[in-house]
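The values are calculated or read from the model by the stated rules, or taken from the named source; none is laboratory data. Predicted, not measured: the structure shown is a model, and the values here were computed from it. Don't worry about glycine lacking a Cβ; one is built from the backbone with ideal geometry, like all the others, and counts go over all protein chains shown. To get the accessible areas, we keep the full protein, side chains included, count just its heavy atoms, and leave off ligands, DNA and RNA. Shrake-Rupley method; radii C 1.70, N 1.55, O 1.52, S 1.80 Å.
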Amino acid sequence: MNDKDQASKVEYDYIVDDHERTGSSFGAYFNIVCVVAGTGVLQMAYAFTLSGWISVIITALSAILATYTGSILIKCLYCNGPKNRLDGYSAIGEAAFGRAGKIITQIFQYSILLGVSCLYIILTKISLTDLTNQLGLDVDSKIWATTAACVVWIPFATLRTLKEISWLSIFGVIATVYVVIVIGIAGLMNIDANQHQEHKTVIWSGIPMGVAAISFCFGGTPVYPHIEQSMKKPKDWNKVLVGASLTCCIIYLCAGVFGYYVYGQSSLAPIFLNLPKGTLNTTSTIAITLHVLLAAPIMLTSFSMELENYFKINTASRSRAQSFTYRLALRTVILVILTIIAMFVKDFGAFMSLIGAISNNMVIFILPVVLYLKLFGIRQHPLHLIMCTICVVVGLISCVLGTKDAIIALKDL
């Protein structure tokens, strides 16, 4: 049995980079939930309007497929044996297709990590501007972008790994759950006024678009290698991933079902547009703003760790003081660049939608399957081949339709 065949049968009983593997499985669980669940809850009810109640099945299917690709991606990290773990996502691409594979993987991965982080700063800027306008205050949106960046900078620049930053995830998850509860409470309070709303079981013509919208919400794959790397017990990865994916699925289903049941085909994205103005709406906006502020450092830390590994910014290659100084400078520069973009590029969201439509689906559904089959061969159990095929089909559908919508949005600018 060769190394790759042996690697495909191991049970994740690894000892790799022990000085970094001090994070708990509990912390890894919250990291995944915080990255995956969040702003997606705001559009789930609208996603249901695209394909009807069958969206419940689509949501569950998307969660299953994202869990599967997240599992095989981590398996690819150990393609050379249980004690020869690859450094990350791009290293898997290099192991499978050489330097070209590494570059292509990095392009898709980095565009997601940086693009989403920048989009989070923009969303925070917009949310805080709206809140202050409601209070009758006129504050320049650039100030709010800078404020958001300063909040993100504190944990991003001072905490080294995802293990150290995992405590932020707990608060992010709490904020997301609060938003879902508000959607449910506000919906029940206004259900009598919305009894006339129309509901559809299946909208056949909208299923492809529904698949694209819902599957897009399960995008945490780019940070999975670094989350797994921080775990003290990496053999728990599959259990942690399943638990986190199940949690995200439940959160999304609650948001989608509650929202669609009350507002039907009139559901909007974000769902706040359907909710009556008042305390619940305001506090929900604040909660989702807190979520994106807490999720951004996780995405950015994952990206920064890739660069730090490349430039050998670690205590193994440099003194502790040098390592801290270089890491602080690198991460500050990264955040300054993203903040400038968030401050001055008003139409960034449309461009990010185009990048996300392509990169997100490649990173979540297509690349893990392609890399896995290249590294371990196509002679797999029939169930694996079926799952791989479904993942690629869903990824292609989401990619094509998402790209189409993004191009239309760009034309309307």
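Taking the residues in segment 299-314 that are open to solvent by 40 Å² or more (accessible area, probe 1.4 Å) and aromatic (Phe, Trp, Tyr) as candidates, determine which candidate is farthest from Asn360 (Cα to Cα).
Checked segment 299-314; the qualifying residue farthest from Asn360 (Cα to Cα) is Phe311.
Read through the list (1) on the phi < 0 side of the Ramachandran plot; (2) modelled with pLDDT of 90 or more; (3) not charged (D, E, K, R), then give the number of the only condition that Gly52 fails.
That leaves (1) as the condition not met.
Residue by residue through segment 282-336, note down the ones that are among the β-branched types (Val, Ile, Thr) and touching a Leu at 6+ places or on another chain (Cβ under 9 Å).
Correct list: Thr282, Thr285, Ile286, Ile288, Thr289, Val292, Ile298, Thr301, Ile313, Ile334.
Could you give me the residue pairs with C-beta distances under 7 Å whose first residue belongs to segment 131-158 and is free of Cβ contacts under 8 Å to residues at least 12 places away in the same chain, whose second residue is of a type outside the set (A, V, I, L, M) wherever it lies, and which are 6+ apart or on separate chains?
Pairs that qualify, where the first residue is free of Cβ contacts under 8 Å to residues at least 12 places away in the same chain and the partner is of a type outside the set (A, V, I, L, M), are Val139/Thr129; Val139/Thr132.
Look at Val139 and say whether it is β-branched (Val, Ile, Thr), open to solvent by 20 Å² or more (accessible area, probe 1.4 Å), over 27 Å from Val369 (Cα atoms) and at pLDDT 90 or above.
For Val139, the condition - β-branched (Val, Ile, Thr), open to solvent by 20 Å² or more (accessible area, probe 1.4 Å), over 27 Å from Val369 (Cα atoms) and at pLDDT 90 or above - is not met.
Please go through segment 81-125 and pick out each residue that is open to solvent by 40 Å² or more (accessible area, probe 1.4 Å) and among the small types (Gly, Ala, Ser).
Ala95, Ala100
Taking the condition under 23 Å from the mean Cα position of the chain (by Cα), part of a helix (DSSP H, G or I) and closer than 24 Å to Asp192 by Cα, does Phe258 pass?
Answer is yes for this residue.
Just one of the numbered conditions (1) modelled with pLDDT under 85; (2) within 26 Å of Thr67 (Cα to Cα) is not true of Gly278; which one?
Going through the list (1) modelled with pLDDT under 85; (2) within 26 Å of Thr67 (Cα to Cα), Gly278 breaks only (2).
Can you tell me which of Ile214, Ile227, Ile250, Ile203 is open to solvent by 20 Å² or more (accessible area, probe 1.4 Å), more than 25 Å from Met189 (Cα to Cα) and at pLDDT 85 or above?
Of Ile214, Ile227, Ile250, Ile203, the one residue that is open to solvent by 20 Å² or more (accessible area, probe 1.4 Å), more than 25 Å from Met189 (Cα to Cα) and at pLDDT 85 or above is Ile203.
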